[in-house]
Each structure stands twice: as structure tokens, then as C-alpha cells.
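First comes the structure, then the notes that go with it.
The values are calculated or read from the model by the stated rules, or taken from the named source; none is laboratory data. Since the structure is predicted, the reported quantities are computational estimates derived from the model, not experimental observations. Heads up, the Cβs are rebuilt from the backbone with ideal geometry, glycines too, and the neighbour counts pull from every protein chain shown.
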Amino acid sequence: MKPNLLSWEETLFRDQDVFDLNYVPEQFDYRDDQTQSLVFAIRPGIKGGKILDTVCRGPPGTGKTTSVKKIFESLRETTQAILPIHVNCRIDASEYAVFTRIYTSLTKRGPPPSGTSVKQLIDMIARFVEQEQIQPLVCLDDANYLIYENQFNKVLYPLLRMHEVFPGINFGLIIIISDPGIDLQNSLEVRVQSTFHPEIIQYPPYSAREIAGILNERVKQGLYPHVLPTELLDVIIDHVMKHGDVRLGLDLIKRSVLYAEKAARKSVTEDDIQKAVDASRDMHLEMLIGSLSDDECLVLKIAAELFSDETSPTTKEIMEALPAKGPKLTRISEIFKRLDRLRLIDLQYSNQGGGRRRFVHLHEDRALVLTILARREQAAD
Ligand SMILES: Nc1ncnc2c1ncn2[C@@H]1O[C@H](COP(=O)(O)OP(=O)(O)OP(=O)(O)O)[C@@H](O)[C@H]1O
Ligand SMILES: [Mg+2]
């Protein structure tokens, strides 16, 4: 065998799990202020008082979920007075799904019998909390998905008012919002606004130095020495800085090391990183499109079909091309705004030719967008 080749049982990873997106890192720097603010809000609950509500805001990949998960870990180790419940609102995007998740996490009893109404479910939750004398701390993670689906107020209202029906019961709330375009105050109904006065905790994007620190730490933990030379980690950091999401860095490291392994090399090359960047771009787009609602996909599909190198359709042209059973007019303008925020399209205003028109440019590669949309449709059939 050639000396520098990996034999089949060898690996370049010391621990591949540390690059998984759900991995909760031991080392969690640069978020001390945010963690302190959360601890301050939660602390009264340890002595039986009311936990203060908080809202964590910041773009994707800025450590919001991780900071809450770390606090939850430490709460589970130190107190029984507070019961932490994490709800991923990307998955549980309706009032019923959220309360089902809260119920199953609390009682560990499995889903409620079919036919249970939301009102009954909330009653069952309240009775359980009353009996156990605990304070649930519910984290509605990626709550922006509840806002898009018009479910946010329906979830918040009963949680905020539960103590009125069941005296002595309190729920602590941590709301995580990763869409910077959301105007929180405007998303709240008056009846919710009057009882919801959260402390807002901001998670700004990491600087290049901080991204380097986070990725360096993970490389030390997850790879054998010299697998990823420093100058190549710098290439990865440059890519991450263009998008701002640490996840991209973790994904690029893992993929490029897998390419090096596949080629039976002992270290990563620039070519491995380039291949990883290409594959990762497709994955990012696939995830983004995967997170859209059916109506949003329909609008994106028509925009992509009408778009070419020479022309960009107007929003009016896209609306006219929508099938009769498509989304309502009021919803369409929200959809355009959301696709723009997700950088799937660019909305550009023009006053040329009389009258104000909005042109829709496709931000991503047209063929790739259409392929991913077709794949999604096939999977749904
Ligand atoms: N300060 C940090 N130290 C170590 N790892 C970090 C840090 N911040 C983020 N990460 C890692 O980056 C990834 C993304 O972090 P996290 O899921 O907490 O972001 P988020 O703000 O919740 O993003 P999103 O809004 O997209 O859900 C995770 O894999 C996490 O381990
Ligand atoms: Mg998150």
C-alpha cells in the first residue's frame, strides 16, 4: 500500500458528531451577555416566582437555539421547580401542534386521544401543571413560522392568560425569532399586547474573528491534527462571512474532510473545499425551499418560469399567471416580501413607463430552483 493513503478503517475525524447541526457544543463563547439576560429572566422561577418573558432576536446561525439549549441543560441538572420545554415551530407550526408538543413534553404520556380539542388540551396541560406544582418554561423556537401561519396570537394568548383561569399557574416564555424582517409589535393582537411585555435580547451576527474562534475550537475537537491546514480554514471562514451563518462553516468542514477521505488523502485540499461549497449551496437552497409553504412555492415557481436572462416579470404578471385556486391577493404581497427577505427573489421598484411597477428578479439559479421545486412536488404526490 502507498504510505500516504488511508486504509478503509482509517478516518480523519476524531469525532464527526461535533459537526452535526444539532450538536450542542461544550464551548460556547461570545454569547455571555445574552446568556446572562436569559438567566436573569429565568432566575425568579427557581424560587417559585414568575419567570420573565423574553424574545431572542437575531439572524440565522447566531447561537439563539444553542444558548437556550445550554440553559435548559443546566436547569434540568439544578432544579425541579422549572420544567423546560423546547418547541420547534418549524415542525409544530400550528396552535394544535404546539399545545400537543407542550402536553407530551410535560406529561411524557404520548399524544392526547384523537378528537381532543385545543381547549381540552389546554385544560389538561393546566391541570397537570397545577398538580405537579411546577413552572413550565416554554421556548417557542423559530416562532416566526407561527407568525407566517397566523397562529402566533392563538398560541400566546392562552399561555399568557392561563393564571386567570387557573390561579397560581404560570408559564415562562422564551420566543426565538430569526427573521429580521418581522415587526413583532405589529404581529401582536391588542389582547396579547396588553399582557406580553418581554425583554428583547439581541443576537448580532458574529465577526470574522468570532467565527474563526468557533470553527477553530470545533476543528480541534473533531479532526486529527493537520487534516485541515490553517490557511484552508481561512478560506472556509471567508465563505462563512459572506453568509454570516456558522452552520455553513461546520457543513463545509465536514464535507471537505469527507471528500479528502473519499480520495484517500490525509488532509483537505482547496479543491475539496470548492466541491463542498458547490454542494453546500445546493443544500442551502433545498432547505430554504423546503421551509416554504405550498402557496409560497407556487409564487416562486411562476416567478422562475417567467424569469429569463433578458426579462424579469412584474408582480402583476406573476399574479395574473397564478391559478384561480392560488393564494388570495392580500396574502400574495406578503409572500413576495417573504421570498425577498429569504433572498430567493429581489423585488425592484420602477417608475419607468408611467405607474409604479415591481419587478421580480430571481436571486438563485433558475434551473436549480425549478428542479428543487419539481422534486418537492414529486415528494408531496
Ligand atoms: N458561540 C458559539 N460557539 C460555538 N458554536 C456555536 C456558537 N454559536 C453558534 N454555534 C453553532 O452554530 C450552529 C448554529 O447555532 P444556533 O442553532 O444556535 O443558531 P440560531 O441562532 O438558533 O440559528 P437559526 O435562527 O437559524 O435557528 C450550531 O451548530 C451551534 O453549535
Ligand atoms: Mg435556531
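In this structure, does Ile211 turn out to be buried (at least 22 other Cβ atoms within 10 Å of the Cβ) and within 16 Å of ligand 2 (Cβ to nearest atom)?
For Ile211, the condition - buried (at least 22 other Cβ atoms within 10 Å of the Cβ) and within 16 Å of ligand 2 (Cβ to nearest atom) - is not met.
Are there any pairs, at least 6 apart or on different chains, whose C-beta atoms fall under 6 Å, with the first in the range 55-68 and part of a loop (DSSP other than H, G, I, E, B) and the second more than 6 Å from ligand 1 (Cβ to nearest atom) and of a type in the set (D, E, K, R), and if so, which?
That search, which allows pairs on different chains as well, returns Pro60/Asp245; Gly61/Asp245.
Which residue, of Asp294, Asp365, is of a type outside the set (Lys, Arg), exposed (fewer than 15 other Cβ atoms within 10 Å of the Cβ) and closer than 19 Å to Asn144 by Cβ?
Asp294
Evaluate the following for Gly168: is it closer than 14 Å to Ile102 by Cα and touching an Asp or Glu at 6+ places or on another chain (Cβ under 8 Å)?
no
Looking only at residues in the range 22-63 that are away from ligand 2 (no atom under 14 Å from the Cβ) and of a type in the set (Phe, Trp, Tyr), which one is farthest from the chain's Cα centre (by Cα)?
Step by step, filter the range 22-63, then rank; the result is Phe40.
Step by step: first the residues of the range 43-64, then only those that are farther than 21 Å from Tyr103 by Cα and of a type in the set (Val, Ile, Thr), then the one that is surrounded by the fewest Cβ atoms within 10 Å (Cβ to Cβ). Which residue is that?
Only one residue fits best here, namely Ile46.
Inside the range 22-42, can you point out the residues that are in contact with a Leu (Cβ under 9 Å, 6 or more places away or on another chain) and more than 10 Å from ligand 1 (Cβ to nearest atom)?
Answer for the range 22-42, where residues must be in contact with a Leu (Cβ under 9 Å, 6 or more places away or on another chain) and more than 10 Å from ligand 1 (Cβ to nearest atom): Phe40, Ala41, Ile42.
If you go through the range 52-74, how many residues are farther than 11 Å from Ile177 by Cα, more than 8 Å from ligand 1 (Cβ to nearest atom) and among the charged types (D, E, K, R)?
3
Of all residues in the range 214-225, which are in contact with a helix residue (DSSP H, G or I) (Cβ under 6 Å, 6 or more places away or on another chain) and away from ligand 2 (no atom under 16 Å from the Cβ)?
Leu215, Arg218, Gln221, Gly222
Go through (1) out of contact with any His (no Cβ under 7 Å at 6 or more places or on another chain); (2) over 23 Å from Ile335 (Cβ atoms); (3) modelled with pLDDT under 95 and name the single condition Ile169 misses.
(1)
Quick check, is Tyr23 more than 16 Å from Tyr203 (Cβ to Cβ) and free of Cβ contacts under 8 Å to residues at least 12 places away in the same chain?
So Tyr23 passes the test.
Run down Leu252, Leu248, Leu288 and say which single residue is modelled with pLDDT of 95 or more and under 25 Å from the mean Cα position of the chain (by Cα).
Answer to the check: Leu252.
Looking only at residues in the range 131-175 that are within 16 Å of ligand 1 (Cβ to nearest atom) and hydroxyl-bearing (Ser, Thr, Tyr), which one is surrounded by the most Cβ atoms within 10 Å (Cβ to Cβ)?
The extreme case among them is Tyr145.
Could you please let me know if Ile71 is aliphatic (A, V, I, L, M), crowded, with 16+ Cβ neighbours inside 10 Å and within 16 Å of ligand 2 (Cβ to nearest atom)?
When the stated conditions are applied, Ile71 passes them.
Only residues that are in contact with a strand residue (DSSP E or B) (Cβ under 8 Å, 6 or more places away or on another chain) and assigned to a loop (DSSP other than H, G, I, E, B): list them for the range 197-226, please.
Scanning the range 197-226 gives Pro198, Tyr203, Tyr224.
Please verify whether the range 179-187 includes one or more residues that are within 16 Å of ligand 2 (Cβ to nearest atom), buried (at least 16 other Cβ atoms within 10 Å of the Cβ) and under 19 Å from the mean Cα position of the chain (by Cα).
yes
Is it true that some residue in the range 135-148 is farther than 16 Å from Asp53 by Cβ, in the same structural domain as Ser94 (by TED's automatic domain parsing), within 16 Å of ligand 2 (Cβ to nearest atom) and among the acidic types (Asp, Glu)?
Yes: the range 135-148 contains one or more residues that are farther than 16 Å from Asp53 by Cβ, in the same structural domain as Ser94 (by TED's automatic domain parsing), within 16 Å of ligand 2 (Cβ to nearest atom) and among the acidic types (Asp, Glu).
Does the range 86-97 contain any residue that is modelled with pLDDT of 95 or more, under 22 Å from Arg161 (Cβ atoms), small (Gly, Ala, Ser) and surrounded by 13 or more Cβ atoms within 10 Å (Cβ to Cβ)?
yes
Across the range 259-279, what is the number of residues that are surrounded by fewer than 20 Cβ atoms within 10 Å (Cβ to Cβ) and either part of a helix (DSSP H, G or I) or touching a helix residue (DSSP H, G or I) at 6+ places or on another chain (Cβ under 6 Å) (or both)?
Counting residues in the range 259-279 that are surrounded by fewer than 20 Cβ atoms within 10 Å (Cβ to Cβ) and either part of a helix (DSSP H, G or I) or touching a helix residue (DSSP H, G or I) at 6+ places or on another chain (Cβ under 6 Å) (or both) gives 10.
Is there a residue in the range 321-339 that is among the charged types (D, E, K, R) and in contact with a Lys or Arg (Cβ under 8 Å, 6 or more places away or on another chain)?
no
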